[in-house]
Each structure stands twice: as C-alpha cells, then as structure tokens.
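Q: Below is one structure. I have some questions about it.
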Amino acid sequence: MTATVLQEAQAAAKADNLAKAEHLYRDILSKSAGNNEKAIAEQETALYELGALYRDHRKIKELGELIHTSRTVMSGLAKSKVAKIIRALIDLFSTVPGTIDTQITVTKDCIAWAVSERRNFLRQSLETRLVSLYIERGAYFDALNIINTLLKELKRLDDKMVLVEVQLFESRVYHALRNIPKSRAALTSARTSANAIYCPTLMQASLDMQSGILHAEDKDYKTAFSYFVEALEGYSSQEDARAVSVLKYMLLCKIMLNLTDDVHSLLTGKMAQKYAGRDIEAMKAVAAAHSNRSLKEFEEALETYKTELSSDPIIRSHFSALYDTLLEQNLVRVIEPFSCVEISHVAEIVGLDTRQVEGKLSQMILDKVFYGVLDQGNGWLIVFDEQRQDATYDAALDTVRHMTAVVDLLYEKASKLN
C-alpha cells in the first residue's frame, strides 16, 4: 500500500503537481513504520524526495519545518542514520541562494535537539556544518568559538576524520582574519592528522587548495601552483564545483610569475575547455592586460568581470598587488625619458587622477624604485640619475672592521701575558 502511495507521489512530483505530491509524501510520513524495514526505507525516501521537492520550488520555510518534524519519523532509526539524514536535508539548502541565515537557524535548532537527546556524534557533525556556514557568512569569531570547543572534544575522542575537517576550517578562519602564522599552524595540524588515516579525495583536495593559498600569501607562486594542480585533479575527478576556483588560482599564479606563455597553454588545455565560462574569460582578460602591461585594459577587465573577480577574496587581494605592480611599471616607463616632468602630464598619459599618481610617485621614491623629488609648489617631478655608491667607502669600512678585530685579539693576548 505504502509503495503504491510512494509511486503516486513520485509521479505527481514528476508531473510538477506540488500540492498532490506534498500531500502523498506527508501521508507516508504520518504513518508509524514500527519495525517494518521496508516501511522505514520508504519513509526515508519520502523525506529525501519531499525535501528535494521543496528545494526545487524554493519553499525554504517548508523545508525547515520538514527537518523539524522529521525527528519524530527518525526516532526509531540508528543514530548514525539519523545524522546522515539530517545532514542531507540541511545540505538541500546549499543550492538555494540567500538561505545562509535560515540554514544557521535550522542547524542551531537541530544542535539543540541533539544535545537534549544526548546524541554527541550528531551534535559534533552539525556543529562542524555550522562552522562552515559561519565561514560562508563571514562570522569568523563565532566559527572560532565552536572550533575551539570541537577541537578539545575531537582530540580526546581521537576522531581523526572530523578532526581534519575542523582543523582545515580553523586554518581558513585564521587566513580570513589575516593571522597567517596561526592559519599555517592549523593546516600543518590538519595534514598531520590526515596522514594517520585514509583521507577522502575531496578532503585531500581541500588541504592542497589551502596549502596553495597560504604559499601564494608568501609570494611563493611556484609552490602554490603545484598544490593547486593537485587540488584541481582531486576536485575534477569528483566533478566538484570548486575546480573552477582552483583553475582560476592556477592562472593567477602564472600571471603573478609573469609567465604569459604558460597562461596561454593553460587556457588552451583540457581543463580550461572543460570549465570554460565567464570565470576563465575573466582571468584570460587579466592575463592579456598584464602581458601588454596595460593599466587601462586591466581596469576594463576588472569592470567587465566585476562579479567573477571581486567576489573571491583570494583573487581580489592578489589583484590589488598586481594593480600596484602594473601602475609602477607604467609610471617608470612614462617618466624614463624625463629629468623633469609635470605630474599632471604623467597622470594624463596613464589615465589616472593627479592626486593618485602623486601619491604613488611619492611611495615609489620612498621605496627607491627611482631617485627623485616632488616639487609640489610647481606640480613637478624631478628625476635624478641613479646614485652610484663609491666602492672605496665600503672597502675602507671593511679594513677598519678587520683592524679592530686584530687590535682586540692582540689586546687579549697581551692581557694573558701580564
């Protein structure tokens, strides 16, 4: 009887008859399954399919209520199966945009229930999920509070699989808070824990991706690229959407290393063809601008692909450095023929505001990119020839230093004789 109702519900869902399908699924869930394994399996299927139906029709409130009411249905199931079902139902939210706050509320509610039922495994699983939601939302300190509590429990229980995941989250949180040393320490702990167990492909890819991000922070783009290659292989083999982000990071490394030919070979490779889209086109436009050393093209690329380039904090932070490098290169090229030039003329050539150019020139002089002074009264930049240091002074200082060492040694020997 129940099997027939389930088939009717599936047929109604396929025919896009939401009201009928919902009524039939609810009917299956309202009946007690007892110890009947077949009825329990059908109720489990009904839960998944009704949840998917709500997700597809963007019925977020109803999906949240389903998770809440499903606890009665799952009361007779094994604890491990309950954890799996609840996580799966909460994961249904992830494909619906703008539901972070709802996911956090529902997850907190489930955690409270798990605590009241003394289901520690489920609570830890849900708290790990809550940490990932807080990171996505940008509530890093809230995430860190849960992480610190979880780490103590997991180390005591020696649950390596969840421990690796939480330590990886810790590394991501500290990186977002710009505490790179702690982020690196957390990642090292995660890798150490991962070495003691069989690490799933996606988890290993996430570890490699985080390693690449941290090496990129140290400007070690060559090592970062090798980690991103490993991460891309892992994500690509599992058809994970994060593969696109990793491919962008690989292109970023080649751009920052000024390896234009490598960028071109990556863009014409299999992976670029597989993940072709606006994200890859955005990186292609940036690579072309960098190759041409054109600040105008770079700004146009940032404007055209604003969503693709500015939404990712990793890309955004490195492109700020790239913009500064390009601006420096352009300014050096413009002022090279002059010994004295109006700042407004330099700003006109590079197509930027005079005040912005003046500030950058001042910074370049302080960083000794070139030698010169700014005459702000007349609005001029006076450029000097590079000062050549006389090697005689260095040689004289070395001689005095060696003589001091000799005199000190002679003094020590004389003291011993006396």
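Q: Note down the nm distance, to one decimal, between modelled labels 7 Å out along Cα→Cβ at THR223 and at ARG278.
A: Modelled inter-label distance: 3.6 nm.
Q: What ranking of PHE93, PHE384 comes out by heavy-atom accessible area, probe 1.4 Å, highest first? Working shown, then result.
A: Working: PHE93 0, PHE384 100 Å².
Largest accessible area first, the list is PHE384, PHE93.
Q: Helix 201-217: angle to the longest alpha-carbon principal axis of the chain, degrees 0 to 90, nearest 10?
A: 20
Q: Another question about this same structure. State in Å² the accessible area per residue of region 107-233; use a 1.4 Å probe, count heavy atoms of protein chains only, and round to the nearest integer.
A: Details: 6040 Å² over 127 residues.
With all protein chains present, region 107-233 gives 48 Å² per residue.
Q: Considering the convex hull of the alpha carbon atoms of region 13-149, report its projected area averaged over all viewing directions, in nm², one decimal. Walk me through the numbers on the way to the answer.
A: Numbers: hull surface 33.6 nm².
That works out to 8.4 nm².
Q: What order do you get for 238-248, 270-280 when each peptide is scored by the mean count of other beta carbon atoms within 10 Å, highest first? Don't jump to the answer; show the numbers that get you there.
A: Numbers: 238-248: 18.0, 270-280: 14.6.
Order by mean packing, descending: 238-248, 270-280.
Q: Mind listing which GluC sites (Glu not before Pro) in region 97-147 are in a DSSP loop and have 15 or fewer other Cβ atoms within 10 Å? Kindly include the intermediate steps, with their values, before the conclusion.
A: Working: sites: GLU117, GLU127, GLU136; in loops: GLU117.
When the GluC sites (Glu not before Pro) of region 97-147 are filtered for loop state and at most 15 Cβ neighbours within 10 Å, GLU117 remain.
Q: While we're on this one: For region 159-236, which trypsin sites (Lys or Arg not before Pro) are both in a DSSP coil and crowded by at most 15 other Cβ atoms within 10 Å? All intermediate terms of the calculation are to be shown ahead of the outcome.
A: On the way: sites: LYS160, ARG172, ARG178, LYS182, ARG184, ARG191, LYS219, LYS222; in loops: ARG178, LYS219.
For trypsin sites (Lys or Arg not before Pro) across region 159-236 that sit outside H, G, I, E and B with at most 15 neighbouring Cβ atoms in 10 Å, the list reads ARG178, LYS219.
Q: Place the peptides 45-53, 288-296, 209-217, 372-380 in order of packing, highest mean first, counting for every residue the other Cβ atoms within 10 Å and averaging per peptide. Mind dumping the intermediate values first?
A: Details: 45-53: 19.8, 288-296: 16.2, 209-217: 22.1, 372-380: 13.3.
Going from most to least packed, we get 209-217, 45-53, 288-296, 372-380.
Q: Report D for the chain in µm² per second (integer): Stokes-Einstein, Kirkwood Rh on Cα pairs, 10 °C, 1.306 mPa s.
A: On the way: Rh = 26.6 Å.
Rounded, D is 60 µm²/s.
Q: Report Rg (one decimal) and Dmax (nearest whole number) for region 315-418, counting Cα atoms only, units Å.
A: Taking only Cα atoms of region 315-418, I get Rg and Dmax of 23.6, 77 Å.
Q: Convex hull over the alpha-carbon atoms of region 1-68: what's its volume per residue in Å³?
A: Numbers: hull volume 5.0 nm³, N = 68.
Cα convex hull per residue, to the nearest whole number: 74 Å³.
Q: Oh, and also: Angle between the Cα long axis of helix 313-335 and the longest principal axis of the chain, 0 to 90 degrees, nearest 10?
A: So the helix axis and the longest Cα principal axis differ by about 20 degrees.
Q: Now for a separate question. Whole number in Å², please: accessible area per residue of region 302-418, 1.4 Å probe, ligands, DNA and RNA not counted.
A: Accessible area per residue: 71 Å².
Q: Another question, then. Please give every one of the lysines within straight-line cross-link reach of LYS274, meaning a C-alpha to C-alpha distance under 20 Å, and leave out same-chain neighbours fewer than 8 residues apart.
A: List returned: LYS248, LYS254, LYS284.
Q: Per residue, how big is the convex hull around the C-alpha atoms of region 291-369? Give it to me in cubic angstrom, could you?
A: On the way: hull volume 8.3 nm³, N = 79.
Enclosed volume per residue, from the Cα hull, is 105 Å³.
Q: Treat region 231-338 as a sphere of radius equal to its Kirkwood radius over Cα pairs and apply Stokes-Einstein at 25 °C in a medium of 0.890 mPa s; give the translational diffusion coefficient in µm²/s, rounded to a whole number. Write out the running numbers ahead of the final one.
A: Details: Rh = 14.4 Å.
The Stokes-Einstein estimate is 170 µm²/s.
Q: Leaving out ligands, DNA and RNA, what percent of the accessible area of the chain is carbon and sulfur, probe 1.4 Å?
A: Numbers: 11940 of 23270 Å².
After summing per-atom areas, the C and S share lands at 51 percent.
The values are calculated or read from the model by the stated rules, or taken from the named source; none is laboratory data. Values in this document were obtained by computation on a predicted structure and should not be read as measured data. Reconstructed Cβ throughout: ideal geometry from the backbone, glycine too, with neighbour counts over all protein chains shown. Calculation scope for accessible area: heavy atoms of the full protein, side chains included, ligands and nucleic acids excluded. Shrake-Rupley method; radii C 1.70, N 1.55, O 1.52, S 1.80 Å.
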